[in-house]
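What follows is a short report on a single structure.
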Amino acid sequence: MNKKWKKFLLESAEDNEINLPSLEVKDSFNMNVWQSEDRIKNEISSRLIKIAIDFIDDLGFEQGIIEDITITGSLANYNWTEFSDIDLHILLDYRNVDENTELVRDFFNAKKADWNKLHQIMIKNHEVEIYVQDVHEPHISTGIYSLLEDQWIVKHKRHVPKINYNCIEVKARSLMDQIDRVQDMYDKRNYEASQNVSDLIRSKIKRLRRSGLAEKGIYSCENLVFKTLRNNGYIEKIFNLQTNSYDNIMSMNNNAI
C-alpha cells in the first residue's frame, strides 16, 4: 500500500482537490441518535416513522402497504461522521402495487428523488434521506435497524477494514477524467455525444458499484470510488450533463420551423 496515497486520501488534501468519504472506525455508534447500541432513541424513531408514513400518505397509498421502515448506512455503523445522512428506507412489496414491478420501481424512484430535493429535514444535525425498497430486493448493508420492530435486522460488527487505496486512486481519477471530457463535449455544444457518453458512464458506475457491493461489501474499492465521485460532485455532474444534453437536443430556437 502506498502510505503517501493513504495519508492523502484520509486527510482529503486540498492540493489534489479530492475528498474521500471518512474511513475512520469509531468506538461506538452516534449516541445523539442511539439510546444504546441495541436501541435507537424513541423520539427519533417516532419522528422517522412519521416521515415515512407521511411520504406514503402524500402519494395516495394506505399506510398498510408498508412492510417495514428501516435505517441503514453509516449511522447504523461505526463509520459515521458528522456529515452522515439518516438513510430512511421504506419497504414495500411492489407486487401489491402493480404486477409490473419495474414500473412501480421507476415510480417510487422518481417520487423519492423529488422528495429528497424538496425537503431538508435535520435530526440531530443529520439530514434525512428517503429510499423506497422492494422487500424482495436484497439490500447489502452491514447495519440494518427496523424502526417498526425496534430491533436490529443486521447489526454491524466493529472491525477495521482493509482498503485498497491504489484501486480507489486509479478508478476514481479515471472516471473523473472521463466526466470532465464529457463536460468539454457539452461546452462545445456537441450535445448528442455528451448525452451518449453520459449514458455509458452512468451505466458503468452503476455496474461497478453493484458488483463491488455484491462481492466485498461497503468497503469495496468500487463502492468507495462511487462515494468519492459523489463527495466531489461528479455524480451530480454526470447526471446534470446527461439531462442538460438531452434538453438541448430537444430544444428549438425561435427561428426554427
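The values are calculated or read from the model by the stated rules, or taken from the named source; none is laboratory data. Computed from a prediction, not measured in an experiment: that's the story for all the values here. Cβ sites come from the backbone with ideal geometry, for glycine too, and all protein chains shown count toward neighbours. Keep in mind that these areas ignore ligands, DNA and RNA; they rest on the heavy atoms of the full protein, side chains included. Shrake-Rupley method; radii C 1.70, N 1.55, O 1.52, S 1.80 Å.
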Quiz item: If you take the residues of the stretch 192-248 that are open to solvent by 50 Å² or more (accessible area, probe 1.4 Å) and of a type in the set (Asp, Glu), which of them is farthest from Ser74 (Cα to Cα)?
Solution: Glu192
Quiz item: Which residue pairs have Cβ atoms closer than 7 Å, lie 6 or more positions apart in sequence or on different chains, and pair a first residue in the stretch 94-118 that is closer than 21 Å to Gly64 by Cα with a second residue that is open to solvent by 90 Å² or more (accessible area, probe 1.4 Å)?
Solution: Thr101/Arg95
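Out of the strands (runs of 3 or more DSSP E) lying entirely within the stretch 85-190, which hold 1 or more residues that are crowded, with 19+ Cβ neighbours inside 10 Å and of a type outside the set (D, E, K, R)?
86-92, 126-134, 144-146
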Self-check item: Selection within the stretch 39-63 - within 23 Å of Ala76 (Cα to Cα), in contact (Cβ under 8 Å) with a residue 12 or more places away in the chain and not basic (Lys, Arg)
Solution: Ile40, Ile44, Ser45, Leu48, Ile49, Ile51, Ala52, Ile53, Phe55
Quiz item: Which one of these does Ile205 not meet: (1) within 13 Å of the chain's Cα centre (by Cα); (2) under 17 Å from Ser141 (Cα atoms)?
Solution: (2)
Self-check item: Single unsatisfied condition, Ala52 versus (1) within 19 Å of the chain's Cα centre (by Cα); (2) farther than 22 Å from Trp115 by Cα
Solution: (2)
Quiz item: In this structure, is Ser251 at pLDDT 90 or above, over 23 Å from Ser141 (Cα atoms) and open to solvent by less than 50 Å² (accessible area, probe 1.4 Å)?
Solution: no
Quiz item: Restricting attention to the stretch 46-70, which residues are farther than 13 Å from Asn96 by Cβ and among the hydrophobic types (A, V, I, L, M, F, W, C)?
Solution: Leu48, Ile49, Ile51, Ala52, Ile53, Phe55, Leu59, Ile69
